[in-house]
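Everything on this sheet refers to the single structure shown next.
The values are calculated or read from the model by the stated rules, or taken from the named source; none is laboratory data. None of the values given here were measured: they were computed from a predicted structure. A quick note on method: Cβ atoms are made from the backbone with ideal geometry, for glycine too, and the neighbour counts reach across all protein chains shown.
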Amino acid sequence: MAVNTEEAKAGKSGSVSFIVNQAKKELAALTKLELSTVMGVTKEGAEWLVTMEMVEKKSIPDGMDLLGAYEVHMDNSGQVLNFNRISIRKRGDTG
């Protein structure tokens, strides 16, 4: 997905909220999965690391949904450099 150049010109690119919003949009588009939650965001030099959980498989009851944790590396303009699924768990598993 292309970054909105008007947002970038307005100084929003590179901010935490901009990066998180871009990561959510990009990962959903790349994986075709639904976002569950953003777990964290860290600036690492010129790159950002956003960690999110995505719903891999919906189940009934919801506590049996499978959630995949993903790390998304992005640049300051909101472009995805790479992403990886780092784990998978049932929603009800808290440990």
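Some notes on this structure:
- If you go through region 31-59 and pick out every residue that is within 10 Å of the chain's Cα centre (by Cα), under 18 Å from S77 (Cα atoms) and of a type in the set (A, V, I, L, M, F, W, C), you end up with 3.
- Any pair with Cβ under 6 angstrom, 6 or more apart, that starts in region 75-95 at a residue that is of a type in the set (G, A, S) and modelled with pLDDT under 95 and ends at one that is outside any strand (DSSP E or B) and surrounded by fewer than 14 Cβ atoms within 10 Å (Cβ to Cβ): G92/G63
- Between K58, K12, K32, the distinction of being modelled with pLDDT under 95, closer than 22 Å to R89 by Cβ and out of contact with any Leu (no Cβ under 8 Å at 6 or more places or on another chain) belongs to K58 only.
- Looking only at region 54-76, and only at residues there that are of a type in the set (G, A, S) and outside any strand (DSSP E or B), the one that is surrounded by the fewest Cβ atoms within 10 Å (Cβ to Cβ): G63
- Considering region 77-92, and only residues there that are surrounded by 13 or more Cβ atoms within 10 Å (Cβ to Cβ) and among the β-branched types (V, I, T), the residue that is nearest to E47 (Cα to Cα) turns out to be V80.
- Residues within region 23-40 that are over 15 Å from L81 (Cα atoms) and either touching a residue at least 40 places away in the same chain (Cβ under 8 Å) or part of a strand (DSSP E or B) (or both), tallied: 7
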